[in-house]
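Rule-based calculations on the coordinates, nothing more; no lab input. Keep in mind the model is a prediction, meaning the values are calculated, not measured. Here the Cβ positions follow ideal geometry from the backbone for every residue, glycine too, while neighbour counts run over all protein chains shown.
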Amino acid sequence: MRVLVTGATGYVGSRLVPALLAEGHEVVATSRDVSALDRFAWSDDVERRWCDVEDTVSVHLAIRDVDAVIYLVHSMAAGEFLKRDREAAGYVADACEYAGVGRIVYLSGLVPPGPLSDHLRSRHEVEEILLHSVVPATVLRAAMVIGAGSTSFELMRRVSERLPLTPVPAWMQRDIQPVAVEDVVHLVLASLEGKARNRAYDVGGDEVLTYRELLERFASIAGLERPQVVLPFAPGFLVGEAVALLSGVPRSTVRALVLSLAHDMVCQEDDVRRELVPGHLFLSVDDAIARSLAGQTQATEATGDVQGQATSDPDWVGTTR
């Protein structure tokens, strides 16, 4: 199959491309900066196309002569990112219809009950646009993705490593069902097999933990002594600012993720295990964390461990110890 990957230089995209190539797919990798593809070992094995998903002309020019489009673009920048994400999704849906694309695969986020943060609401709006388009769309809704280079994982790593105590805001005492990036890549590959499906699937590993339990599990596996302190009064925006300052990760990204921690991020159904990956064994939380802490594993190369780090990852990826 000839597969176009938007967001190929991002965290999941950079680890997905070598897996697609290993499965025998032809890959078209897009980026707003085509030269950025040079830093990946797989860059010479793909067709490169320039694409800015906020520009409808570039989207139509990029999406042509392909069987499937994997949509991995999601903005968490400051400003009107909800509007930009809606428009970009519309451009991609229209271009896929015009080009006769057979299917779209979109990596989204779990949709908990009740009011959503802007970050989660944006992802839900994008998936609704894709699901209501003419081209069938398989939407994979994931909570926290565990893996070195994942923004959520790196925030957990930096907060745990840099503070002698782990502060836990009272409003963050929620449940989460994390999933390893290895499993996410496997699910995306499975979405390209068989008949194209037009529906959303909740995606999570085998374990449901509280955020406190996840932080404890991380500290234990990382060999850290980190007593937890519950903060009864800690507004979300102040927590976001503090974590951004502490971690060095872009402020707007951190704020968006922190506000999402007020929700229970747990799968509401498990159809994906029966319909897409029957019999697949999901990586345990402990194994996912341990492999993610292994350091440089050439994660974006065909022979590397996708859970670990890659030389192409941003400077803020990795241990600070």
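What is the angle, in °, between the Cα long axis of helix 151-162 and the longest principal axis of the Cα atoms in the chain? Nearest 10 is fine, range 0 to 90.
Relative to the chain, helix 151-162 is tipped by roughly 20 degrees.
Classify the stretch 104-221 as rounded, prolate or oblate, taking a ≥ b ≥ c as the square roots of the eigenvalues of its Cα gyration tensor: rounded when a/c is under 1.5, otherwise prolate if a/b is larger than b/c and oblate if not.
It is prolate, given that a/c is not under 1.5 and a/b is the larger ratio.
Is the shape of the stretch 1-157 best called rounded, prolate or oblate, per the rule: a/c under 1.5 gives rounded, else a/b larger than b/c gives prolate, else oblate, with a ≥ b ≥ c the square roots of the Cα gyration tensor eigenvalues? Before the final figure, lay out each step's value.
Details: a/c = 1.58, a/b = 1.16, b/c = 1.36.
Note, shape of the stretch 1-157 comes out oblate.
Can you compute the helix-only [θ] at 222 nm over the chain? Use -39500 (n - 2.57) per DSSP H run of at least 4 residues, normalise by all residues, nearest 500 deg cm²/dmol. Walk me through the numbers on the way to the answer.
Details: 11 runs with 120 residues, N = 321.
The helix contribution divided over the chain gives -11500 deg cm²/dmol.
Can you run phi through the Karplus equation (6.51, -1.76, 1.60; θ = phi - 60°) for the stretch 92-106 and list ³J(HN,Hα) in whole Hz, with x for Gly and Pro?
5, 4, 5, 5, 5, 5, 4, 7, x, 5, x, 6, 10, 10, 10
Among Met1, His60, Leu261, whose Cα lies farthest out toward the positive end of the dipole of the chain, if unit charges sit on the beta carbon of Lys, Arg (+1) and Asp, Glu (-1)?
Toward the positive end, the furthest listed residue is Leu261.
Working from Cα positions, state the angle (0 to 90°, nearest 10) between the long axis of helix 236-247 and the longest principal axis of the chain.
Roughly 90 degrees, rounded to the nearest 10.
When a footprinting reagent is the concern and you count Cβ atoms within 10 Å, what order do Phe282, Phe153, Phe233 take, fewest first?
Ordered by Cβ neighbours within 10 Å, fewest first: Phe233, Phe282, Phe153.
How many nm is it between the label spots at Thr56 and Glu225, if each spot is 7 Å from the Cα in line with the beta carbon?
Label at Thr56, label at Glu225, 6.2 nm between them.
Fewest first, what order do Glu301, Glu23 take by the number of other Cβ atoms within 10 Å?
Working: Glu301 17, Glu23 13.
Listed from fewest to most nearby Cβ atoms, that is Glu23, Glu301.
About the Cα centre of the chain, how large is the charge dipole given +1 on each Lys and Arg Cβ and -1 on each Asp and Glu Cβ? Please answer in debye to the nearest 20.
Taking the Cα centre of the chain as origin, the dipole is about 580 debye.
Calculate how many DSSP beta bridges within the stretch 2-292 are antiparallel, expressed in % of all such bridges and rounded to the nearest 5.
So the antiparallel bridges amount to about 5 percent of the total.
Would you order His124, His280, His119 from fewest to most other beta-carbon atoms within 10 Å of each residue's own beta-carbon?
With the fewest neighbours first, His124, His280, His119 line up as His280, His124, His119.
Helix 181-190 versus the longest principal axis of the chain: what angle, 0 to 90°, nearest 10, using Cα atoms?
Helix 181-190 sits roughly 20 degrees off the main axis of the chain.
If you average the alpha carbon positions of the stretch 16-58 and of the stretch 163-232, how far apart do those two centres end up, in angstrom?
28
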